Every structure is written in structure tokens, then in C-alpha cells.
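Reviewing the structure listed below.
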Amino acid sequence: MKKIVTLQDVKQNPHIRAYIDGGNDTTAALGYTDHGVRHASIVAAISRNVLQRLGYSEREQELAAIAGYTHDMGNVVSRYYHAQVGAVLAERILSGMGMDPGETAVIMAAIGSHDPEESCVAVSPVSAALIIGDKSDVHRSRVRNPDMLKFDVHDRVNYAATRSFVDVNEETKVITLELTVDTDISPVMEYFEIFLTRMLACKRAAEFLNTRFVLTINNVQLL
């Protein structure tokens, strides 16, 4: 029986929560920054907001939020191919919850297309919003290493980002990632060394939405 599955339903599903938590444990063991409920919730919010501000339907906004919340479940199996694994996990769970097969397919495609960032390509508005939401989550709250002396470059760049905000201007059709970076912790160049491919992925995703992607760091436009 078909059901209108909402983000709230997804958040209450014990399998989804277990897979997100398990995936976060996996990435922690590998030395990655946060990929748990914190990241999932932020990506869901940004993904929804992007489509909302650009005038997409409420259901498309909800699907973007669901895709954003579930996009990293595949990490529970392996970091490698986690996007494709996550898409398969999402199909099983969402189908079991009664979601319409067409909507399930949209979410599967979005999750499966969000990584690897070097080659990820938006295949729908939901997919584009997810890519922007995921790649824009740069902030010190993602850092799990308690010892700054042992920070790698990813920890250092994320910790240096004290503010991260995605602004969507529906009139100018510009999506701006606004970052405030403490350059005493990490120089701006270090950000580009590790995140340039993410920003290019955002650029491609924004173009899919007929918008332009802009990056500002400390109020200076860099992309």
C-alpha cells in the first residue's frame, strides 16, 4: 500500500537511524569528520531550502530532505562506493515503508549520484539540491578529533570554518556558500587544496538548477 512518506517518518525509522549511526562509526574509525545525524540533518535542511527558495513543489522539497538525511547510510558497509550502497539500502527501507516507487527511484538516483565528488552529476532537482547540501557542510562542529595537535588537513580546514551558510537568491538565481574561516588555524589556500572538487560539484549542480554557484570566504568572492 502506497504511503506519503515524510522526513519525520524517515527519522523515526530504526533501520535508518542504525545505519546512519553505524556509518558514522565506520567513518570515525577511518579518521573522517562527522557523517552522523548532525551531518544528515544539516544536509536535509539545506537540500530542502534550496528547492524551496527556487520554487519547487513541496513534495520535491520533502524528497530532497529525505535524500539529504539518508544519503550517507552506505557508510555502514564501506566508505568505498557508499553512495551506490546507500541507494540500495534506501530502496529496501523506503519500499518497506510504502513509499511510491517513482519517489523511491528519485531518492535512489540522488543518493547514488552524490559521490564520488570528482565525477558526481546531478540527475534531478532533488539530486542537485543534495549535492549542494552535502558539499557545503564545512564547519568546526564536524571535527571529532579532540586533539588539535593531531589534526590532519581535513580536521584543520573544517575546524577553521566558524560559520557556514548557503544563501539562495531566487531573484538573481545565485546560490552562495558563505564561509567564515579563521586563517590563523588554516589558510584559505588549504581549503581549495582539499575542497576544490566539492565546489566544482556544487557549480555543476547549481547549473542543473539554472542557477550560478558562488563561494565567498571572509566576505571575498573566490568562485
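The values are calculated or read from the model by the stated rules, or taken from the named source; none is laboratory data. Everything numeric here is computed off the predicted structure, so don't read it as measured data. Here Cβ is always computed from backbone atoms with ideal geometry, including for glycine, and neighbour counts include all displayed protein chains.
A few points about this structure:
- A count restricted to region 130-152 and to residues that are surrounded by fewer than 21 Cβ atoms within 10 Å (Cβ to Cβ), in a helix (DSSP H, G or I) and in contact with a helix residue (DSSP H, G or I) (Cβ under 6 Å, 6 or more places away or on another chain) stands at 1.
- Search result, residues across region 26-72 that are farther than 30 Å from E171 by Cβ, touching a residue at least 24 places away in the same chain (Cβ under 8 Å) and over 14 Å from the mean Cα position of the chain (by Cα): T26, T27, A28, L30, G31, Y32
- Set A45, A65, A109, A105: member being surrounded by 22 or more Cβ atoms within 10 Å (Cβ to Cβ) and either in a loop (DSSP other than H, G, I, E, B) or modelled with pLDDT of 95 or more (or both): A65
- The requirement of being of a type in the set (S, T, N, Q), in contact with a strand residue (DSSP E or B) (Cβ under 8 Å, 6 or more places away or on another chain) and either in a loop (DSSP other than H, G, I, E, B) or surrounded by fewer than 16 Cβ atoms within 10 Å (Cβ to Cβ) (or both) is fulfilled somewhere in region 174-190, by at least one residue.
- Just one of the listed residues (S95, S127) is in contact (Cβ under 8 Å) with a residue 60 or more places away in the chain, in contact with a Ser or Thr (Cβ under 7 Å, 6 or more places away or on another chain), in a helix (DSSP H, G or I) and among the hydroxyl-bearing types (S, T, Y), and it is S127.
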